[in-house]
Every structure is written in C-alpha cells, then in structure tokens.
Amino acid sequence: MPDIAAEKQLKVLSPGKIGGLELRNRIIRSGCFEGMCPGGFPSDPLLEHHREAAAGGAAMTTVSYCSVSFDGRGFDSEMWMREEIVPELRRLTDAVHLEGAAASIQLGHCGYFSSKSVIGRRPLGASRKFCTFRYAFAQEMTEEEITRVTEDFGKAATLAIKAGFDAVEIHAGHGYLLSQFLSPYTNRRQDRYGGSLENRMRFPASVIKHVRETVGADFPILIKMNLRDGFKGGLELDEAIEVAKRYEAEGASALIPSGGFTAKTPFYMMRGRIPLKEWIHGPKSLLEKVGLLLFGSILVQTYPFEELFFMEDSLKVREAVSIPLVLIGGICSIDNMEKAMQEGFDFVQIGRALIRDPDLVRRIERGDWQESQCDHCNRCVAEMENGGVWCVSKVKGQYKG
Ligand SMILES: Cc1cc2nc3c(=O)[nH]c(=O)nc-3n(C[C@H](O)[C@H](O)[C@H](O)COP(=O)(O)O)c2cc1C
C-alpha cells in the first residue's frame with residue numbers, strides 16, 4: 001500500500017499518539033450525541049453509526065454522550081454507564097476495531113439541565129439555579145454527592161475499559177456538570193467548591209485525578225473543556241488557561257478546547273443556523289414547546305458560522321500546555337486540517353463534516369474530497385431527538401429557509 005500521507009504530504013494523515021494509544025491519523029470523530037440509545041441501551045444503529053465512521057478512515061470515533069450516573073441524563077435516549085450495557089458496548093468497540101480505528105466514549109453528567117422526567121428527581125447542580133432550558137430549579141450538591149459523582153466517573157471509566165474502549169473523553173465543557181462548577185454563572189457556592197478559581201476547579205480537577213488513578217498511567221484521558229462559556233458572567237479565556245494547566249497536572253492525556261453552555265448558549269459550540277422549527281417538533285413537554293415557540297429566538301442566540309472558529313482562543317491554550325491538543329470547531333476542508341497542524345495542534349476533532357461524509361478520510365486518501373458540503377443548517381441537531389442523528393442537507397437538500 002502506498003504511503004499516502006507522505007505522497008500527499010498531509011500531516012493530518014500521519015500517525016499520532018495520545019498517551020499510550022497509537023492512532024493511524026490525526027482525524028477524530030467528535031462526540032455528537034447520536035440519539036440512538038432508546039431507554040438508555042446502546043442499539044444496533046449506534047454500532048453501525050460508529051462502524052461506518054471507522055470504516056470511513058477516522059483514526060478514532062467518539063461515542064457520545066454517556067452519563068456516569070443515572071441522575072446525569074438529559075434525554076431518555078442517553079446511556080448511563082453500567083455493567084448491563086458492557087456486552088453491547090463491547091460489540092460496538094469490536095466492530096470499530098475490525099475497521100482499524102480506535103474507540104473513545106464521552107463520559108459526563110448533565111447536572112442542572114438533567115431532565116427531571118428522565119431521572120425521576122430534581123436535577124443536581126453546583127448551586128440552586130434556575131435552568132431556562134428545563135424551566136426548573138436544580139438542587140445544590142452536598143459534599144457526599146460530589147464524592148459519589150467523582151467515584152461514578154472512576155467506575156464509568158473502568159467499565160469503559162472493560163467494554164473495549166481505547167480512550168475516555170471526560171466532558172468538562174459545554175455547561176455540563178463539571179463546567180457548571182467552573183462557571184461563576186452556575187456556581188454560587190460559599191464553601192470550598194465555590195468562589196475563587198481554585199475552589200471552582202476543585203471538583204473537576206479531583207475528577208480528572210480520580211479517573212487517572214483508576215485507569216493507570218498510560219490509558220488515554222481526553223478532556224473536552226470550555227475556552228469561554230459564551231456569555232457575560234461565565235467562564236472566560238484567562239481562567240480557562242489556568243484550568244487547562246491544572247488538567248494537565250492532574251493527568252489529562254489531551255485537551256479539546258471548545259466552548260458554550262448547553263442550557264444557555266448551545267450554538268456557541270457549533271455556530272450556524274438555529275433549527276428552531278425542527279426542534280419544536282421534537283419530543284418535548286407542552287411547556288417546553290410553548291417556551292421555545294414564544295421565547296426560542298430570544299433565549300437561543302445565533303452565532304454566524306466561521307471556519308476554525310475556536311482556533312484563535314485554542315492557540316492560547318497551546319502556549320500554556322505541552323500535552324497533545326485537539327482542535328475542534330468549524331473544520332471543513334483539507335486546508336483547515338493542515339492549518340491546524342501547522343499551528344501546533346496534534347489532532348483535529350470533526351463533528352458535522354463527518355456526519356455529512358463519514359468516509360471523508362478515505363476520500364482524502366483517494367484524492368476526491370477537498371471540502372465539506374455541510375451548510376451548517378444544524379438540522380442534524382434537531383434529528384438527535386427524533387430517533388438518530390443524520391445529515392438532513394445531504395438527503396433532503398440544502399436548507400432553503
Ligand atoms: C448533532 C450534534 C450533536 C452534538 N452532541 C455533542 C455531544 O453530545 N457532546 C459534545 O461534547 N459535543 C456535541 N456536539 C458538538 C460537536 O462535538 C462539536 O464540538 C461541534 O459540532 C463543533 O464541531 P464541528 O464544527 O466539526 O461540527 C454535537 C454537535 C452536533 C452537530
């Protein structure tokens with residue numbers, strides 16, 4: 001077989017390493033919630049979705065989103081990690097491995113935007129805070145609950161290894177529980193977990209430390225983190241840089257700087273059109289539908305799409321840490337990927353362009369892919385609540401308004 005990376009001189013096609021894991025190239029399918037775990041059980045479509053990403057040439061595919069605890073779920077179609085699902089996950093990782101790729105799984109906890117109807121209790125959060133996404137108050141976590149969830153992260157990582165995953169990705173961004181502790185917006189605590197950055201970092205940093213102690217020295221732990229929450233009063237870049245350094249010190253193998261707050265600025269992390277119409281038609285309570293209809297366009301802010309939209313801020317993290325750094329956000333062409341490599345990033349994670357063309361790496365190798373036709377209509381986002389994520393533009397045509 002010809003050495004395609006050398007032939008084309010594309011660094012992104014050359015092998016890379018995260019912790020003890022060798023990857024065949026530097027393109028990773030990012031965690032994009034698939035909506036393919038009815039009742040919290042991994043399904044055959046989920047397996048096929050990731051097998052297809054692996055067959056398409058990505059070095060690693062990320063199964064998203066798996067809660068570490070039963071009470072960390074936002075949708076009924078979200079998994080939570082438990083013995084019962086390990087055999088199904090093992091089938092998935094076996095299928096990915098047969099296609100020559102590695103498999104990672106995103107582990108997190110939704111915290112204050114967990115769904116009460118799914119978890120059967122008031123959601124837990126850093127502080128008692130009203131969630132405009134769920135129209136409900138969260139309950140401030142006790143120290144015992146913080147310890148329990150920390151341990152849940154360790155147990156979930158252990159089960160992920162048992163299920164054959166090659167890496168875990170801790171979700172510490174996007175306004176999920178760990179990012180809720182970091183954010184001054186959601187963390188109003190008066191104890192040793194609130195106030196100063198040192199205190200706000202205590203819980204997320206102890207989770208990374210605990211997972212590292214649980215999985216051993218070499219097992220890859222990627223951390224998805226926020227550069228900025230995307231609104232006034234949230235986490236900003238100067239603090240995020242300190243957080244990145246702390247994660248490195250606690251044993252992170254690689255960082256994925258991202259941004260946004262799911263319950264407040266969900267499109268900060270994606271950019272492009274807001275699929276409000278399609279969202280309202282998804283499975284929601286009447287209250288949520290009416291809320292979206294009346295206030296959706298006020299509550300959900302639009303961010304115009306730009307290529308490489310997190311690059312400038314991520315470069316500041318690049319200067320601060322020496323572990324591998326993964327660029328994410330608006331990577332839609334070979335030029336974008338190579339630019340990331342030239343700027344010192346070790347890997348790229350790609351979401352929408354790989355939802356559109358799961359085989360884009362193979363096509364780059366064959367020389368018949370230059371840039372994605374993804375139009376950032378974000379209808380794929382609405383689809384994740386409607387039975388499973390897919391590229392609506394590719395099948396139904398570009399969004400016409
Ligand atoms: C349909 C969809 C679902 C997503 N679900 C998740 C998720 O569960 N966890 C996560 O960290 N990011 C999620 N994201 C964000 C992506 O992983 C990625 O950070 C973002 O889309 C920017 O990358 P892109 O421009 O390559 O799409 C999702 C994105 C899309 C489009």
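The values are calculated or read from the model by the stated rules, or taken from the named source; none is laboratory data. If you're wondering where the values come from, they're calculated on a predicted model, not measured in any experiment. Cβ: placed from backbone, ideal geometry, glycine included. Neighbour counts: every protein chain shown. Areas reflect the complete protein model, heavy atoms only, side chains present, ligands, DNA and RNA absent. Shrake-Rupley method; radii C 1.70, N 1.55, O 1.52, S 1.80 Å.
Of the residues in the range 320-336, at least one is at pLDDT 95 or above, within 16 Å of the ligand (Cβ to nearest atom) and open to solvent by 30 Å² or more (accessible area, probe 1.4 Å).
Here is a check on your reading of the model: is Phe305 modelled with pLDDT of 95 or more, open to solvent by 40 Å² or more (accessible area, probe 1.4 Å), within 15 Å of the ligand (Cβ to nearest atom) and part of a loop (DSSP other than H, G, I, E, B)? Yes: the conditions hold for Phe305. Residues that are among the hydroxyl-bearing types (Ser, Thr, Tyr) and either part of a helix (DSSP H, G or I) or at pLDDT below 95 (or both): does the range 206-213 have at least one? Taking every residue of the range 206-213 in turn, at least one turns out to be among the hydroxyl-bearing types (Ser, Thr, Tyr) and either part of a helix (DSSP H, G or I) or at pLDDT below 95 (or both).
Among (1) part of a helix (DSSP H, G or I); (2) in contact with a helix residue (DSSP H, G or I) (Cβ under 8 Å, 6 or more places away or on another chain), there is one condition Gly194 misses while meeting the rest; what is its number? Evaluating Gly194 over (1) part of a helix (DSSP H, G or I); (2) in contact with a helix residue (DSSP H, G or I) (Cβ under 8 Å, 6 or more places away or on another chain) leaves (1) as the failure.
Taking first residues from the range 75-91 that are open to solvent by less than 70 Å² (accessible area, probe 1.4 Å) and partners that are among the polar types (S, T, N, Q) and at pLDDT below 95, the Cβ contacts under 8 Å between residues at least 6 apart in sequence or on separate chains come to Phe75/Ser115.
Among the residues of the range 170-223, those that are closer than 15 Å to Ala156 by Cβ and in contact with an Asp or Glu (Cβ under 6 Å, 6 or more places away or on another chain) comprise Ile208, Leu222. Look through the range 246-263, keep the residues that are open to solvent by less than 10 Å² (accessible area, probe 1.4 Å) and not small (Gly, Ala, Ser), and return whichever of them is farthest from Ser104 (Cα to Cα). If we take residues in the range 246-263 being open to solvent by less than 10 Å² (accessible area, probe 1.4 Å) and not small (Gly, Ala, Ser), then Phe261 is farthest from Ser104 (Cα to Cα). When Ala95, Ala58, Ala103, Ala53 are checked against the criterion of being touching a Gly at 6+ places or on another chain (Cβ under 8 Å) and among the hydrophobic types (A, V, I, L, M, F, W, C), Ala103 stands alone in meeting it. Would you say Thr150 is of a type in the set (S, T, N, Q), under 23 Å from the mean Cα position of the chain (by Cα) and in a helix (DSSP H, G or I)? When the stated conditions are applied, Thr150 passes them. Of everything in the range 342-361 that is surrounded by fewer than 19 Cβ atoms within 10 Å (Cβ to Cβ) and at negative phi, the residue that is farthest from the ligand (Cβ to nearest atom) is Gln342. Each residue in the range 362-397 was checked for being outside any helix (DSSP H, G or I) and within 14 Å of the ligand (Cβ to nearest atom), and 16 of them qualify.
A single entry from Ala217, Ala126 fulfils the requirement of being crowded, with 24+ Cβ neighbours inside 10 Å, more than 16 Å from the ligand (Cβ to nearest atom) and of a type in the set (Gly, Ala, Ser): Ala126.
For the range 154-175, the candidate set comprises residues that are in contact with a Phe, Trp or Tyr (Cβ under 8 Å, 6 or more places away or on another chain) and either open to solvent by 40 Å² or more (accessible area, probe 1.4 Å) or of a type outside the set (A, V, I, L, M, F, W, C) (or both); within that set, the residue that is farthest from Tyr247 (Cα to Cα) is Ile161. Taking the conditions exactly as written (open to solvent by 10 Å² or more (accessible area, probe 1.4 Å), more than 16 Å from the ligand (Cβ to nearest atom) and not polar (S, T, N, Q)), does Tyr135 satisfy them or not? In short, yes. Please state which of the following conditions Gly100 fails to meet, knowing it meets all the rest: (1) surrounded by fewer than 24 Cβ atoms within 10 Å (Cβ to Cβ); (2) within 15 Å of the chain's Cα centre (by Cα). Result: Gly100 passes all but (2). Counting only helices (runs of 4 or more DSSP H) that fall entirely inside the range 1-110 and contain at least 3 residues that are modelled with pLDDT of 95 or more and in contact with a strand residue (DSSP E or B) (Cβ under 6 Å, 6 or more places away or on another chain), the qualifying elements are 44-55.
Among residues of the range 369-385 that are in contact (Cβ under 8 Å) with a residue 12 or more places away in the chain, those with a beta-carbon under 9 Å from a residue that is among the β-branched types (Val, Ile, Thr) and within 8 Å of the ligand (Cβ to nearest atom) at least six positions away or on a different chain give the pairs Ser372/Ile331; Ser372/Ile350; Cys374/Ile355; Cys380/Ile355; Cys380/Val389; Val381/Val389; Glu383/Val389.
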